[in-house]
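Comments concern the structure below.
The values are calculated or read from the model by the stated rules, or taken from the named source; none is laboratory data. Here the structure is a predicted model, which means the values were calculated and not measured. Ideal geometry is used to build each Cβ from the backbone, glycine not excepted, and the neighbour counts take in all protein chains shown.
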Amino acid sequence: MTILVNQPHQLIGSQAEGHKDNYDAKELVLDGGFVVPDKNEGFDAPDINAFGNTFRDYNAESERQKSVEEFYRQQHINQTYDFVKKMREEYGKLDKAVMSIWECCELLNDVVDDSDPDLDEPQIQHLLQSAEAIRKDYPNEDWLHLTALIHDLGKVLLLPQFGQLPQWAVVGDTFPLGCAFDEANVHHKYFTDNPDFKNPAYSTKNGIYEEGCGLDNVVISWGHDDYMYLVAKENGTTLPHAALFVIRYHSLYPLHKGGAYKHLMSKEDEEDLKWLHIFNKYDLYSKSKVLVDVDEVKPYYQSLIKKYFQEKLRW
Ligand SMILES: [Fe+2]
Ligand SMILES: [Fe+2]
């Protein structure tokens with residue numbers, strides 16, 4: 001069944017004005033017969049994804065469910081404290097490529113994220129859908145628009161020229177290492193086969209950390225979050241601290257959604273977390289069938305890239 005729905009995201013600002021006919025009050029077709037309600041105030045989060053399941057419903061009967069569970073089994077077994085240390089050292093060298101932020105956005109188009117039960121569009125659409133939705137609701141926070149655009153660029157780790165890491169080392173929810181695995185982690189049962197699980201130094205609530213030490217001092221499972229954080233920071237971005245926090249911890253669902261591990265946070269982390277909560281709403285729910293016109297919005301995002309980054313970055 002196919003149902004016509006109203007376009008949930010409209011472009012804002014002068015650029016959008018020039019193309020009003022293309023965006024205003026147009027009915028769009030979503031596959032699967034799921035209606036996205038249309039309200040004019042604020043960001044409107046649909047209840048179900050393009051596959052007809054609740055967002056992040058890991059138990060939903062979907063074709064992807066089994067591969068998502070198998071993904072988490074592998075991730076929970078293989079992400080160890082020592083593995084993360086090795087990855088941070090290797091990728092901290094930033095010797096894999098030299099390119100601009102926009103070049104990386106285009107490069108990412110070939111990547112499919114196996115861990116995500118909601119996403120079936122090219123990555124650049126996810127980036128632009130998130131960024132455009134935030135832009136509509138927070139027009140003055142241009143740093144947050146750019147943060148949305150770049151938050152997943154670290155997924156290039158899946159590509160051959162970046163070492164072609166397995167999916168479990170790039171995507172999926174992240175979690176702290178060096179302390180006990182909290183039950184808030186999705187598919188928690190698979191941690192029993194992680195070598196760190198049997199290490200007594202890592203098996204208490206605080207593990208090797210002190211309460212309130214700050215997330216900066218906590219080793220988090222390796223993936224696209226931490227990699228993009230390293231790239232942005234080491235290339236001297238002028239984005240605010242909250243932007244780097246959002247990029248680095250946006251997959252840390254057991255903390256920002258599950259409320260676990262909060263005893264490791266500092267006061268500054270608490271402040272930044274407010275922005276992450278805002279961002280997350282857009283990261284999740286903008287994964288829709290409504291495509292953004294890339295050429296249309298490109299000049300705006302290139303102006304932001306110029307403002308906050310040098311032209312060529314080391315990756
Ligand atoms: Fe992500
Ligand atoms: Fe994302």
TODO: Determine if region 192-206 includes at least one residue that is β-branched (Val, Ile, Thr) and within 16 Å of ligand 1 (Cβ to nearest atom).
DONE: no
TODO: For GLN65, indicate whether it is within 16 Å of ligand 1 (Cβ to nearest atom), at pLDDT 80 or above and more than 19 Å from ALA133 (Cβ to Cβ).
DONE: no
Open item on the list: All but one of (1) under 27 Å from ASN235 (Cα atoms); (2) within 16 Å of ligand 2 (Cβ to nearest atom) hold for VAL292; state the number of the condition that does not hold.
Closed with: (1)
TODO: Could you tell me which numbered condition LYS257 fails, if it satisfies all but one of (1) within 16 Å of ligand 2 (Cβ to nearest atom); (2) free of Cβ contacts under 8 Å to residues at least 12 places away in the same chain?
DONE: (2)
- [ ] Run down LYS312, LYS267, LYS281, LYS274 and say which single residue is under 28 Å from ASP216 (Cβ atoms) and within 16 Å of ligand 2 (Cβ to nearest atom).
- [x] LYS281
Open item on the list: I'm checking my understanding of the structure. Among residues of region 207-228 that are small (Gly, Ala, Ser) and within 16 Å of ligand 1 (Cβ to nearest atom), which one is nearest to VAL246 (Cα to Cα)?
Closed with: GLY223
Task: Criterion (at pLDDT 95 or above and touching a Lys or Arg at 6+ places or on another chain (Cβ under 8 Å)) met by exactly one of VAL170, VAL218 - done: VAL170
Task: Enumeration of residues in region 127-146 that are closer than 13 Å to VAL246 by Cβ and in a loop (DSSP other than H, G, I, E, B) - done: TYR138, GLU141
TODO: May I ask you to say which residue of CYS179, CYS213 is outside any helix (DSSP H, G or I) and crowded, with 20+ Cβ neighbours inside 10 Å?
DONE: CYS179
Open item on the list: Quick check on PRO254: is it of a type outside the set (A, V, I, L, M) and either within 19 Å of ASP173 (Cβ to Cβ) or buried (at least 21 other Cβ atoms within 10 Å of the Cβ) (or both)?
Closed with: yes
